[in-house]
Every structure is written in C-alpha cells, then in structure tokens.
Amino acid sequence: MKTKMEIFTAVDEQVEKYVVKNFDDIFTLGKAQLFGIDIYKTVAPIVQKIGDHADVYDMLSPMHAILGADYDTFGLVTTGWAAPTVNGEDNGVAPSKHPERVRVRLFCFCDVQGRITSSLRFANKVGEVTYDENQARGAMRDAMLDFHHIAETVRLVRSGKLAVASGELAEVPTQKETN
C-alpha cells in the first residue's frame, strides 16, 4: 500500500510534467490550474486538468467543486511571489514589492480525508522542491477544504448515500418504512 507522501509525490510529478510541457514560463502561469485526481492501489494516480481561472479563489467555487466531484480528490497549481520574512513577519511589505522577491510555483493537493499537502518550487532554486504535509493555514486552505466538502457531499448524493430534500441533507433510509 502506498503512503500518503508516495501518492502525493506521484501526483506532484505528473503536475510538474504538465506545467513544463504546457507553459513557456513555468513560474508565471497566468491562471491557476485545477486538476481532478483519481487514486488507484496498483497504478499511478490519474491526473486531469478540469479548469483554470485567473483568481484561485474563484476557481475553488462551489460550481467547480461539482465538477471536482467526478474525481477522488483534487489539486491546484498557481504561481506568485515570495519574499523573506524576519521572525515570521513580513514588516508590512507585500511579497510582490519586496526587493528580495522571487517567483514561486505552488501545488496544493487535498486528499480524500481533506488533508492538504503542497510542494513549493522557487525560480532561483532550480530542481529544489519544498514539501509541506498537512501544515497549510489561511484562506487558500480554507477554500480548498470548502471545495473538498462540497465535492464529497455531491459524491455522496450521487451515490445514493445521502438524500437532499427541502435543501437539507439526510441519510438515505436503508429500507422503506411501512405504515
């Protein structure tokens, strides 16, 4: 059985190949890329692009989560700026305005349990990858978890394990009640 990190690195490698193949500047993608991912026990994960958007938060909307429900899980890749901090503080300077800024590419993967693992690549450190296993915090993590929960709910409704009536979710009864 594959570990969570083995699954993540297999997915990360596929996304890396996709980015290198499809973009001239791999640290300025223009739009965040959303991937649907199916995980298998005996073969490599299947990673398919299912959308892109200039705003990563708009891409993580409920509408895209419905598309994401067709897959076991999902991931996204986006690019931006990073800058050094002092004792974890940015001193009020946005990374894009910092004199020591560097372009970065971030891939975030949300597994079937809702754990988020990411890889970070810096334009000035070719070949190096920094991994973060379920340590994400902040608005993007929250948006990814919301996406995950909506996609999971849609999967449960489609499978018949949840019923929707009057806008409320309920468990599907296992047998009809008789009067």
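Listed by chain and number, the lysines whose alpha-carbon sits under 25 Å from that of K49, ignoring those within fewer than 8 places in the same chain, are K2, K4, K17, K21, K31, K41. Angle, helix 139-159 long axis vs. longest principal axis of the chain, Cα atoms, 0 to 90°, nearest 10? Between helix and principal axis, roughly 30 degrees. Taken per residue, the accessible surface of the chain reaches 63 Å², heavy atoms only and a 1.4 Å probe.
Between V102 and K2, full extension at 0.36 nm per residue minus the direct alpha carbon distance yields a gain of 32.6 nm. Rounded to the nearest 10 degrees, the angle from helix 4-22 to the longest Cα principal axis of the chain is 60 degrees. Taking the 1.4 Å solvent-accessible surface of the chain as the whole, the part contributed by carbon and sulfur is 52%.
Ignoring lysines fewer than eight residues from K161 along the same chain, the ones with Cα atoms less than 22 angstrom from its Cα are K176.
In terms of packing, defined here as the mean over residues of other Cβ atoms within 10 angstrom, the peptides 101-114, 42-55, 128-141, 22-35 line up highest first as 101-114, 22-35, 42-55, 128-141. Of the GluC sites (Glu not before Pro) in region 1-93, not one is in a loop by DSSP (not H, G, I, E or B) with at most 11 other beta carbons within 10 Å. The helix-only estimate of mean residue ellipticity at 222 nm for the chain, built from DSSP H runs of length n ≥ 4 each weighted as -39500 (n - 2.57), is -9000 deg cm²/dmol after division by the residue total. With a/c under 1.5 counting as rounded, go ahead and sort region 16-82 into rounded, prolate or oblate using the C-alpha gyration tensor (a ≥ b ≥ c being the square roots of the eigenvalues; past the cut-off, prolate if a/b is larger than b/c, else oblate). It is oblate, given that a/c is not under 1.5 and a/b is not larger than b/c. Amide H contacts of G51 (H built 1.01 Å from N, in plane; Pro and chain starts excluded): L34 sit under 5 Å, all sequence-distant by 5 or more or on other chains.
The values are calculated or read from the model by the stated rules, or taken from the named source; none is laboratory data. Computed from a predicted structure; not experimentally measured. Neighbour counts run over all protein chains shown; Cβ positions are idealised from the backbone, glycine included. Just the protein is used for accessible areas: all its heavy atoms, side chains included, with ligands, DNA and RNA removed. Shrake-Rupley method; radii C 1.70, N 1.55, O 1.52, S 1.80 Å.
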